[in-house]
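Below is one structure; the comments refer to it alone.
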């Protein structure tokens with residue numbers, strides 16, 4: 001398993017799969033992240049990590065540590081593009097965050113700053 005820290009935050013990691021041991025605190029408390037208002041049953045469930053109603057920006061975490069609140073993101077093109085804040089144009093000309101499926105001259109707009 002590969003788990004690399006994200007330079008912008010010392011407690012955020014991008015991983016090839018769910019880590020068993022948290023690299024930030026060393027505990028075995030990494031669980032699947034659940035977004036939204038929890039039920040009483042979810043609140044008492046030790047097998048999930050509750051994110052709450054406000055997702056992480058720019059993409060919500062896949063897993064979280066119940067001990068130290070470290071965030072873990074699945075290593076894929078979708079998450080990498082959003083965490084790197086890459087923008088491109090889709091086939092219809094709409095601005096999208098993330099890496100494009102195919103790199104074409106139309107999808108790369110170096111002079112445009114969308115933010």
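Where a number appears in this text, it was derived from the coordinates with a stated rule and is not lab data. All values derive from a computational prediction rather than experimental measurement. FYI the Cβ positions are ideal-geometry reconstructions off the backbone, even for glycines, and counts take in every protein chain you see.
For each of 65, 53, 3, count neighbouring Cβ atoms within 10 Å of the residue's Cβ, then give the residues from fewest to most. Please list the in-between numbers first.
On the way: 65 24, 53 9, 3 17.
The fewest-first ordering by Cβ neighbours comes to 53, 3, 65.
Based on alpha-carbon positions alone, could you give the equivalent ellipsoid semi-axes of the range 34-82 from the gyration tensor, as √(5λ), descending, whole Å?
Details: eigenvalues 95, 28, 14 Å².
After diagonalising the Cα gyration tensor, the semi-axes are 22, 12, 8 Å.
In 5 Å bins starting at zero, report the fraction of Cα pairs in the range 9-69 per bin as a rounded %.
Taking all Cα pairs of the range 9-69, the binned fractions are 4, 19, 29, 26, 16, 6, 0 percent.
Please give the calculated 222 nm ellipticity per residue for the chain, where each DSSP H segment of at least 4 residues contributes -39500 (n - 2.57) and the sum is spread over every residue; nearest 500 deg cm²/dmol?
-2500 deg cm²/dmol
Can you give me the Kirkwood hydrodynamic radius for the chain, using every pair of distinct Cα atoms, in Å to one decimal?
On the way: mean 1/r = 0.0640 Å⁻¹.
That comes to 15.6 Å for the chain.
For labels at residue 46 and residue 20 in the simple 7 Å Cα→Cβ model, what's the distance in nm?
Each label point is offset 7 Å from its Cα along the Cβ direction, giving 1.8 nm.
Rounded to the nearest 5, what % of DSSP beta bridges with both residues in the chain are antiparallel?
Working: 12 of 20 bridges.
Counting only bridges with both partners in the chain, antiparallel ones make up about 60 percent.
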